[in-house]
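Please read the structure below before turning to the comments.
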Ligand code: PMP
């Protein structure tokens with residue numbers, strides 16, 4: 001879905017726009033996975049390219065850095081990083097795109113990231129996003145064998161690099177077993193999230209989603225909750241076991257990359273009628289309208305000018 005950059009592609013590193021091939025880092029950069037990042041989508045709309053909920057993504061990047069104790073706010077202001085993201089889309093003439101800001105240290109060889117002399121590095125990469133017109137296919141999920149650590153073990157509200165180790169290992173296992181994605185359960189057996197997306201269940205027309213205990217505070221999750229409220233659909237956060245999900249009428253994942261993705265199977269059990277459910281389809285349509293500027297929340301779109 002995300003296109004590889006070509007030689008002319010421009011990226012941003014520590015305040016400078018540079019060609020992709022010149023953005024080099026020391027071997028020690030990113031060591032121990034000590035860093036945070038974001039993933040933002042840009043869409044082409046009738047009024048030009050626009051980033052969806054950019055302010056919220058940048059705010060989460062700063063929260064993630066704060067959770068890890070990284071001095072991002074001392075060096076950059078959110079508005080500066082917003083401008084960089086818009087400018088990269090302009091310079092690379094991108095329309096539908098995926099933008100990834102990341103914040104990390106270079107030079108961690110010991111385990112004390114606060115030692116003097118370590119440099120905080122900030123980079124932004126904006127890549128073309130392939131055509132949106134691919135056929136919709138319901139996802140098959142498996143519950144992961146790996147337990148999602150509790151909030152006193154890992155800091156899952158931070159979109160931190162190292163958090164993705166458990167997601168990626170669990171995804172690898174689920175895919176080896178023939179599934180598309182994994183559902184991570186916590187130590188109590190309650191659903192948390194998929195490898196890179198939040199999960200929702202629909203039961204008797206009402207939405208249920210895991211509480212924000214050890215899951216990322218998804219911006220798409222928040223968008224869906226707002227769109228549901230506007231459509232008169234009741235939604236609540238709850239503790240959900242895998243049986244709750246097996247017997248749901250509909251399941252779907254939400255994420256910046258996956259948008260609203262129907263789930264048709266969990267652990268080999270067919271969910272609902274095994275196709276995209278009515279509520280899922282209704283929310284998908286509302287979401288598609290918002291990201292392309294045809295919805296009511298025009299303030300969710302940051303046009304790049
Ligand atoms: N959980 C995880 C682990 C994720 O990586 C993502 C994607 N950022 C999400 C949830 C969904 O978050 P958002 O809707 O903000 O993309």
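What to note about this one:
- Exactly one residue among 25, 13 is more than 20 Å from the chain's Cα centre (by Cα) and exposed (fewer than 13 other Cβ atoms within 10 Å of the Cβ), and that residue is 25.
- Sole residue being within 20 Å of the chain's Cα centre (by Cα), within 15 Å of the ligand (Cβ to nearest atom) and without any contact (Cβ under 8 Å) to a residue 60 or more places away in the chain, chosen from 221, 148: 221
- Looking only at the range 112-135, and only at residues there that are assigned to a loop (DSSP other than H, G, I, E, B) and surrounded by 13 or more Cβ atoms within 10 Å (Cβ to Cβ), the one that is modelled with the lowest pLDDT: 132
- Boolean, residue 274 is at pLDDT 95 or above and assigned to a loop (DSSP other than H, G, I, E, B): yes
- Here residue 228 meets each of (1) within 21 Å of residue 192 (Cα to Cα); (2) outside any loop (DSSP other than H, G, I, E, B); (3) more than 16 Å from the ligand (Cβ to nearest atom); (4) touching a residue at least 40 places away in the same chain (Cβ under 8 Å) with one exception, condition (3).
- Residue 293 vs. criteria surrounded by fewer than 21 Cβ atoms within 10 Å (Cβ to Cβ), away from the ligand (no atom under 16 Å from the Cβ), closer than 24 Å to residue 58 by Cβ and at pLDDT below 95: no
- Just one of the numbered conditions (1) closer than 20 Å to residue 217 by Cβ; (2) crowded, with 21+ Cβ neighbours inside 10 Å; (3) under 18 Å from the mean Cα position of the chain (by Cα) is not true of residue 70: (3).
- Of 206, 172, all but one fail to be over 20 Å from residue 232 (Cα atoms) and away from the ligand (no atom under 13 Å from the Cβ); the exception is 172.
- Apart from one condition, residue 286 fits all of (1) out of contact with any strand residue (DSSP E or B) (no Cβ under 6 Å at 6 or more places or on another chain); (2) under 30 Å from residue 126 (Cα atoms); (3) part of a loop (DSSP other than H, G, I, E, B); the exception is (3).
- Conditions (1) in contact with a helix residue (DSSP H, G or I) (Cβ under 9 Å, 6 or more places away or on another chain); (2) at pLDDT 90 or above: number failed by residue 175: (1)
- The strands (runs of 3 or more DSSP E) located wholly in the range 1-111 that include 2 or more residues which are over 30 Å from residue 298 (Cβ atoms) occupy 16-19, 97-106.
- Identity of the residue in the range 28-49, surrounded by fewer than 18 Cβ atoms within 10 Å (Cβ to Cβ) and at pLDDT below 95, that ends up farthest from the chain's Cα centre (by Cα): 28
- Some residue of the range 249-256 being outside any strand (DSSP E or B), more than 15 Å from the ligand (Cβ to nearest atom) and in contact with a strand residue (DSSP E or B) (Cβ under 6 Å, 6 or more places away or on another chain): yes
The values are calculated or read from the model by the stated rules, or taken from the named source; none is laboratory data. Since this is a predicted model, take the numbers as computed values, not measurements. No Cβ is skipped: glycine too gets one built from the backbone with ideal geometry, and neighbour counts run over all protein chains shown.
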